[in-house]
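Each value in this text was obtained by applying a stated rule to the coordinates, not by laboratory testing. Please read all numbers here as calculations on a predicted model, not as lab measurements. All Cβ positions, even for glycine, are placed from backbone atoms using ideal geometry, and neighbour counts span all protein chains on display.
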Amino acid sequence: MAFEPGDVVFLKSGGSAMTVAAVGGDGVDCLWLGEEGDLFREAIPTVALMIASDSAAEEDHDEDESARDQSDLEEADEDEVKPAKSKRKTG
């Protein structure tokens, strides 16, 4: 399987989508973003990678967004605001 810079790839065992930065010898330099937004670059053996189909890459992106949305909701629950007391006078 031939990899080219710009290809979106996955580990055959699963994981996040990665972008091929360079190809050389038996390894492929891949870039990906970690959970905290950190950029990683690592040489990975070609036998461990597969090229992502367009639909697989889109599904992974959607799952990442769903996880972030869920995390935002959990943080909002932790910071829940108490309801304001009514200032209306009862007569």
Worksheet entry | Amide H partners (placed H, <5 Å) of Asp7, local residues excluded | Val20
Worksheet item: Dipole magnitude of the stretch 1-50 about its Cα centre, charges +1 at Lys/Arg Cβ and -1 at Asp/Glu Cβ only, in debye to the nearest 20?
Response: 160
Worksheet entry | 5 angstrom amide H check on Leu49, placed H, neighbours 5+ away | Lys12
